[in-house]
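Take this structure, written in structure tokens, and hold onto it; I'll ask about it next.
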């Protein structure tokens with residue numbers, strides 16, 4: 001037996017200190033960060049949706065508060081990912097791709113993921129209550145509870161799974177308005193909700209098309225996906241796109257009639273909005289909308305159309 005082995009056996013404290021090295025701590029931190037899915041954080045930018053839709057010109061303190069809400073929603077979504085990966089670690093180890101996830105690969109112990117996820121969720125709600133208001137804290141807590149229920153149970157219920165994922169996007173869109181005390185109009189809720197359903201159903205449709213092309217391999221980790229048909233999911237995303245466009249047009253016509261300016265900027269914003277939906281539908285129909293965040297960021301036409309819509313909307317606000 002070497003002197004080092006004897007020291008480890010005779011001094012338990014030394015053993016712990018030997019195991020917890022800066023390298024292992026850095027590896028754990030990196031694994032926790034990967035599990036939190038940084039690429040998905042862009043979705044939390046939806047917290048700006050309500051103030052923007054309400055044409056609210058934000059002051060510096062309000063912008064800071066929106067920034068806090070963004071961080072808090074990011075913490076909540078990270079908490080859900082951490083707890084979900086810890087719970088699904090055994091199943092992920094049998095998957096050809098998910099086995100590389102930090103928890104499944106052993107880089108992050110399941111207990112550490114559970115602990116980090118729980119602390120993030122509790123801390124986010126507490127900070128929201130102090131920095132924003134109780135309504136924001138309740139919204140964040142509700143988001144975490146609903147998403148965890150989805151991970152454990154609701155993702156196995158046909159149609160309900162679509163509704164729950166859509167609700168997550170809608171809650172993000174509502175968060176900024178709730179934090180700043182902005183009244184959320186019915187048109188905002190309808191348009192945001194059906195736009196979210198459009199993207200969620202298009203994502204599922206694309207996954208199902210991909211699964212069919214690979215003899216079901218992709219669907220092995222999402223058994224419920226095989227219970228849908230491409231015809232049904234196509235119907236859902238087409239219905240959602242139609243309702244979203246109709247709601248936005250009704251809102252633009254109704255509110256634009258009260259506006260001022262030498263051009264009907266708000267009504268004109270209907271053109272790029274409809275074009276963006278039609279452009280996204282091209283990818284949805286071809287089964288290429290499986291990763292909405294990547295699609296929006298990489299398609300130049302969508303970015304140009306989005307910029308045009310933003311410019312028209314800003315002109316509508318300035319000239320109201």
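The values are calculated or read from the model by the stated rules, or taken from the named source; none is laboratory data. All of these numbers come straight from a predicted model, not from anything done at the bench. No Cβ is skipped: glycine too gets one built from the backbone with ideal geometry, and neighbour counts run over all protein chains shown.
Scan segment 25-51 for residues that are at pLDDT below 85 and either crowded, with 16+ Cβ neighbours inside 10 Å or touching a helix residue (DSSP H, G or I) at 6+ places or on another chain (Cβ under 6 Å) (or both) and jot them down.
Answer for segment 25-51, where residues must be at pLDDT below 85 and either crowded, with 16+ Cβ neighbours inside 10 Å or touching a helix residue (DSSP H, G or I) at 6+ places or on another chain (Cβ under 6 Å) (or both): just 42.
Picking from 253, 236, 243, 277, which residue would you name as being exposed (fewer than 14 other Cβ atoms within 10 Å of the Cβ), at pLDDT 80 or above, more than 30 Å from residue 99 (Cβ to Cβ) and out of contact with any strand residue (DSSP E or B) (no Cβ under 9 Å at 6 or more places or on another chain)?
253
Taking the condition part of a helix (DSSP H, G or I), surrounded by fewer than 16 Cβ atoms within 10 Å (Cβ to Cβ) and at pLDDT 90 or above, does residue 123 pass?
On the way: part of a helix (DSSP H, G or I): yes; surrounded by fewer than 16 Cβ atoms within 10 Å (Cβ to Cβ): yes; at pLDDT 90 or above: yes.
In short, yes.
Another question, if that's okay. Would you point out which residue out of 196, 149 is in a helix (DSSP H, G or I) and buried (at least 22 other Cβ atoms within 10 Å of the Cβ)? Lay out the reasoning, then the answer.
Working: 149 fails: buried (at least 22 other Cβ atoms within 10 Å of the Cβ).
From the options 196, 149, the qualifying one is 196.
Is segment 296-306 home to any residue that is within 18 Å of residue 205 (Cβ to Cβ) and either at pLDDT below 90 or in contact with a strand residue (DSSP E or B) (Cβ under 7 Å, 6 or more places away or on another chain) (or both)?
Checked against the condition, which is being within 18 Å of residue 205 (Cβ to Cβ) and either at pLDDT below 90 or in contact with a strand residue (DSSP E or B) (Cβ under 7 Å, 6 or more places away or on another chain) (or both), segment 296-306 yields at least one hit.
State which residue is modelled with the lowest pLDDT when the search covers only segment 256-271 and only residues that are surrounded by 15 or more Cβ atoms within 10 Å (Cβ to Cβ) and in a loop (DSSP other than H, G, I, E, B).
Filtering segment 256-271 for residues surrounded by 15 or more Cβ atoms within 10 Å (Cβ to Cβ) gives 256, 259, 264-270.
Now drop any that are not in a loop (DSSP other than H, G, I, E, B), which leaves 259, 264, 269.
Details: 259: 53, 264: 85, 269: 91.
Top of the filtered list is 259.
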